[in-house]
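As structure tokens, the structure follows; a few thoughts come after it.
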Amino acid sequence: MALGGGAVSDYRNIATIERTGAVVYLRVSAAEALRRIEAEGVKRRPLVADIESTLRLRRLRNLLRERRPL
């Protein structure tokens, strides 16, 4: 099963994931994530869809920083 990065934001999900399968963390820089998101279309990513383009990189950096310990 492939999950997005937000799946680990809820501790209930983490417990289920750990109990039912292997966890593989694919690490990517915020700049690379932004490049990929913009290439596929920002509207498909609700966490950055409504943010001005100049602020998207900052938002992605913050999300990655929040999720890193998980």
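The values are calculated or read from the model by the stated rules, or taken from the named source; none is laboratory data. Owing to the predicted nature of the structure, the values given are computational and were not obtained by experimental measurement. Neighbour counts run over all protein chains shown; Cβ positions are idealised from the backbone, glycine included. Just the protein is used for accessible areas: all its heavy atoms, side chains included, with ligands, DNA and RNA removed. Shrake-Rupley method; radii C 1.70, N 1.55, O 1.52, S 1.80 Å.
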Principal-axis tilt of helix 30-40 within the chain, Cα atoms, nearest 10 degrees: 80 degrees
Output the Cα-based Rg and Dmax of the chain in Å, rounding Rg to one decimal and Dmax to a whole number. 13.1, 39
Dipole check, the chain, charges on Cβ (K,R +1; D,E -1), about Cα centroid: among 21, 5, 55 the Cα furthest to the positive pole belongs to 55
In whole percent, the fraction of accessible protein surface over the chain that belongs to carbon or sulfur atoms, probe radius 1.4 Å, stands at 53 percent
The FRET efficiency for residue 58 and residue 12, from their Cβ-Cβ distance with R0 = 25 Å and rounded to 0.05, is 0.30
Helix-only [θ] at 222 nm, the chain, -39500 (n - 2.57) per DSSP H run of 4+, per residue, nearest 500, equals -17000 deg cm²/dmol
Once you place label points 7 Å from the Cα toward the Cβ at residue 36 and residue 19, how far apart are they in nm? 2.9 nm
With every protein chain kept in place and a 1.4 Å probe, the chain has an accessible area per residue in Å² of 82 Å²
Mind checking the angle between helix 53-67 and the chain's longest principal axis? C-alpha axes, 0 to 90 degrees, to the nearest 10. 20 degrees
